[in-house]
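Novice: Before anything else, here's the structure in question.
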Amino acid sequence: MKMLTTQINGLLQRIAGNSEESIEETARLLAQATIGEGRVILAGFGEMAAVTETALFGVEPLSGAVRYEKGMEFATADRVWLLTRSATDAQALELAQQLADSFIPFAVLAAEKPGNGNELEDLAYTYISTGLTRGLLPDDKGGRIVQPHALAALFVYEAVKLAYDEMVSDED
């Protein structure tokens, strides 16, 4: 338990340290929708849907947020936050390409670090990496286990929401 706590603490500190600017940029991008009478569309794939659930049904919902539904129409004032475990996820890449082709600004959260042919990052206006590309703990066979992608995504969501709420409340 102590080792797990230490590793998760380290993960969250790395995200906070490496992503402060990207978190602020993502909050600003999403706030544009609310200020511009658009929607904040959350597209959470796989376990990253936990962020969508939290944003819609949590104790403190994200104002202006709606769930992405396949085939939905986008308005120019809309902003999309695409959350996926991997930047190579086919569904995420398909949506990202559709958004880019339609000139709809969007943010991405994924595990992979920016650069080195990361197509999802190249298409996105803002990109946040959790850096969680392997397990946090060693197992008995020499591998790595425990990949808390949803936990890392929820941490990033809360950081983005703090900045977003501040920006949106300044407009009131």
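Novice: Collect the residues in segment 9-65 that are of a type in the set (Phe, Trp, Tyr) and without any contact (Cβ under 8 Å) to a residue 24 or more places away in the chain, keeping them in residue-number order.
Specialist: 57
Novice: Quick check on my filter: what residues within segment 145-172 are closer than 19 Å to residue 110 by Cα and outside any helix (DSSP H, G or I)?
Specialist: Narrowing segment 145-172 to residues closer than 19 Å to residue 110 by Cα: 145-161.
Answer for segment 145-172, where residues must be closer than 19 Å to residue 110 by Cα and outside any helix (DSSP H, G or I): 145, 146, 147, 148.
Novice: Can you run down the residue pairs with Cβ atoms below 9 Å, 6 or more apart or on separate chains, where the first is in segment 111-128 and of a type in the set (D, E, K, R) and the partner is surrounded by 22 or more Cβ atoms within 10 Å (Cβ to Cβ) and not in a loop (DSSP other than H, G, I, E, B)?
Specialist: Between residues of segment 111-128 that are of a type in the set (D, E, K, R) and residues that are surrounded by 22 or more Cβ atoms within 10 Å (Cβ to Cβ) and not in a loop (DSSP other than H, G, I, E, B), the close pairs are 112/120; 112/129; 113/129; 119/96; 121/108; 121/110; 121/127; 121/129.
Novice: Picking from 112, 69, which residue would you name as being within 16 Å of the chain's Cα centre (by Cα) and of a type in the set (Asp, Glu)?
Specialist: Details: 69 fails: within 16 Å of the chain's Cα centre (by Cα).
Checking each option against the conditions leaves just 112.
Novice: Looking at the structure I just gave you, is residue 10 under 17 Å from residue 151 (Cα atoms) and either crowded, with 23+ Cβ neighbours inside 10 Å or among the aliphatic types (A, V, I, L, M) (or both)? Write out each step before concluding.
Specialist: Working: under 17 Å from residue 151 (Cα atoms): yes; either crowded, with 23+ Cβ neighbours inside 10 Å or among the aliphatic types (A, V, I, L, M) (or both): no.
Criteria not met by residue 10.
Novice: While we're on this one: Go through 137, 95, 162 for me and flag whichever is on the phi < 0 side of the Ramachandran plot and either surrounded by 17 or more Cβ atoms within 10 Å (Cβ to Cβ) or in contact with a Lys or Arg (Cβ under 6 Å, 6 or more places away or on another chain) (or both).
Specialist: Values: 137 fails: either surrounded by 17 or more Cβ atoms within 10 Å (Cβ to Cβ) or in contact with a Lys or Arg (Cβ under 6 Å, 6 or more places away or on another chain) (or both); 162 fails: either surrounded by 17 or more Cβ atoms within 10 Å (Cβ to Cβ) or in contact with a Lys or Arg (Cβ under 6 Å, 6 or more places away or on another chain) (or both).
Residue meeting the stated conditions: 95.
Novice: With the structure loaded, tell me whether residue 63 is at pLDDT below 95 and not in a strand (DSSP E or B) or whether it fails that test. Walk me through how you get there before you give the answer.
Specialist: Details: at pLDDT below 95: yes; not in a strand (DSSP E or B): yes.
So residue 63 fits the description; yes.
Novice: Ok, one more. Might you check whether a residue that is under 18 Å from residue 23 (Cα atoms) and touching a residue at least 12 places away in the same chain (Cβ under 8 Å) occurs anywhere in segment 136-148? So that I can check it myself, show each step before the final result.
Specialist: Applying the first criterion (under 18 Å from residue 23 (Cα atoms)) to segment 136-148 yields none.
Among the residues of segment 136-148, not one is under 18 Å from residue 23 (Cα atoms) and touching a residue at least 12 places away in the same chain (Cβ under 8 Å), which makes the answer no.
Novice: Within segment 78-85, can one find any residue that is at negative phi and surrounded by fewer than 20 Cβ atoms within 10 Å (Cβ to Cβ)?
Specialist: Here is the first cut: in segment 78-85, the residues at negative phi are 78-85.
Keeping just the survivors that are surrounded by fewer than 20 Cβ atoms within 10 Å (Cβ to Cβ) gives none.
Within segment 78-85 (the criterion being at negative phi and surrounded by fewer than 20 Cβ atoms within 10 Å (Cβ to Cβ)), the answer is no, since none of the residues qualifies.
Novice: Just give me the residues in segment 113-130 being part of a loop (DSSP other than H, G, I, E, B) and either closer than 24 Å to residue 77 by Cβ or modelled with pLDDT under 95 (or both), in sequence order. Lay out the reasoning, then the answer.
Specialist: If we filter segment 113-130 for residues that are part of a loop (DSSP other than H, G, I, E, B), which is where we start, we get 113-118, 124-125, 130.
Hits for segment 113-130 are 113, 114, 115, 116, 117, 118, 124, 125.
Novice: Let me ask something else about it. When you check residue 63 against the structure, is it among the polar types (S, T, N, Q) and surrounded by 17 or more Cβ atoms within 10 Å (Cβ to Cβ), yes or no? Outline the logic, then answer.
Specialist: Values: among the polar types (S, T, N, Q): yes; surrounded by 17 or more Cβ atoms within 10 Å (Cβ to Cβ): no.
No; evaluated as a whole, the condition is false for this residue.
Novice: Right, here's the next one. So which residues in segment 22-60 are assigned to a helix (DSSP H, G or I), touching a strand residue (DSSP E or B) at 6+ places or on another chain (Cβ under 7 Å), under 12 Å from residue 79 (Cβ atoms) and among the β-branched types (Val, Ile, Thr), if there are any at all?
Specialist: Of everything in segment 22-60, those that are assigned to a helix (DSSP H, G or I), touching a strand residue (DSSP E or B) at 6+ places or on another chain (Cβ under 7 Å), under 12 Å from residue 79 (Cβ atoms) and among the β-branched types (Val, Ile, Thr) turn out to be 26, 34.
Novice: Another question, then. Where the second residue is hydroxyl-bearing (Ser, Thr, Tyr) and in a loop (DSSP other than H, G, I, E, B) and the first is under 12 Å from residue 74 (Cα atoms) and lies in segment 95-107, which pairs have Cβ atoms under 8 Å and are six or more apart or on separate chains?
Specialist: Every condition considered, the pairs that remain are 95/68; 103/76; 104/76; 105/125; 106/125.
Novice: With the requirement that a residue be of a type in the set (A, V, I, L, M, F, W, C) and out of contact with any strand residue (DSSP E or B) (no Cβ under 8 Å at 6 or more places or on another chain), what does segment 64-88 give you?
Specialist: Restricting attention to segment 64-88, the residues satisfying the condition of being of a type in the set (A, V, I, L, M, F, W, C) are 65-66, 72, 74-75, 77, 80-83, 87.
Matches in segment 64-88: 75, 77.
The values are calculated or read from the model by the stated rules, or taken from the named source; none is laboratory data. Predicted model, so just to flag it, every value in this text is computed and none were measured. Note that each Cβ is placed from the backbone with ideal geometry, even for glycine, and that neighbours are counted across all protein chains shown.
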